[in-house]
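The values are calculated or read from the model by the stated rules, or taken from the named source; none is laboratory data. Values in this document were obtained by computation on a predicted structure and should not be read as measured data. Here Cβ is always computed from backbone atoms with ideal geometry, including for glycine, and neighbour counts include all displayed protein chains. Surface areas here come from the heavy atoms of the whole protein model, side chains and all, with no ligands, DNA or RNA. Shrake-Rupley method; radii C 1.70, N 1.55, O 1.52, S 1.80 Å.
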Amino acid sequence: MNNFTTVFIGLGSNLSDPAEQINSALNELAQLPSSRALQCAPWYSSKAIGPGDQPDYINTVVKLETILAAEKLLDQLQSIEKKHGRQRNIRWGARTLDLDILLFGEEVISTNRLEIPHPEMNWRGFVLKPLFDLAPTLTLPKGHSVKEYLAACDTSDLRLLKDVFIAQ
Ligand code: ROI
């Protein structure tokens, strides 16, 4: 028995040198307290889902183990986003860094601050593809396998950018 929960976190950036945003966020995630064993999926560029003429995104997914509670993890992620100058005023607008908890073990969570599994992950290719790369046999709580969701999803806009991340 151990107290660690396996967590998947989606990363996205389309402003202020997205590759640098993602790279430094990965280093910060690798330093999270009470957490270990970070693994990063390949990086993809993706066309923006959202209003207006936004630049392409870089997206990837991280897997890690943590003994933090879900809301404590969210606090940590929001403080990393803040360091990256994230402004939360435009819904679905361009962003320097977005960190979303996709899955928190097998838990289903619905609070003011958190909805897990992430409510939009099942139809977003930029989430499902890197998630599948990291965890090809994963099944969502009360749901289908990541493989099934991915098969039903358009991923034609995704371009593989980078295959390995090594925490510094
Ligand atoms: N579109 C893409 N391609 N990638 C994202 O990470 C992303 N994040 C968002 C919205 C604005 C919905 N669109 C996105 O939050």
Inset, instruction - Out of Gln76, Gln39, Gln21, report the one residue that is open to solvent by 20 Å² or more (accessible area, probe 1.4 Å), in contact with a Lys or Arg (Cβ under 6 Å, 6 or more places away or on another chain) and touching a residue at least 12 places away in the same chain (Cβ under 8 Å). - result: Gln39
Inset, instruction - Would you point out which residue out of Asp133, Asp100 is of a type in the set (Asp, Glu), within 12 Å of the ligand (Cβ to nearest atom) and not in a loop (DSSP other than H, G, I, E, B)? - result: Asp100
Inset, instruction - With respect to Asp157, determine if the residue is outside any strand (DSSP E or B), within 16 Å of the ligand (Cβ to nearest atom) and surrounded by fewer than 17 Cβ atoms within 10 Å (Cβ to Cβ). - result: yes
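Would you mention how many residues in region 1-18 are surrounded by 19 or more Cβ atoms within 10 Å (Cβ to Cβ), within 15 Å of the chain's Cα centre (by Cα) and either more than 14 Å from the ligand (Cβ to nearest atom) or not hydroxyl-bearing (Ser, Thr, Tyr) (or both)?
Adding up the residues that qualify gives 8.
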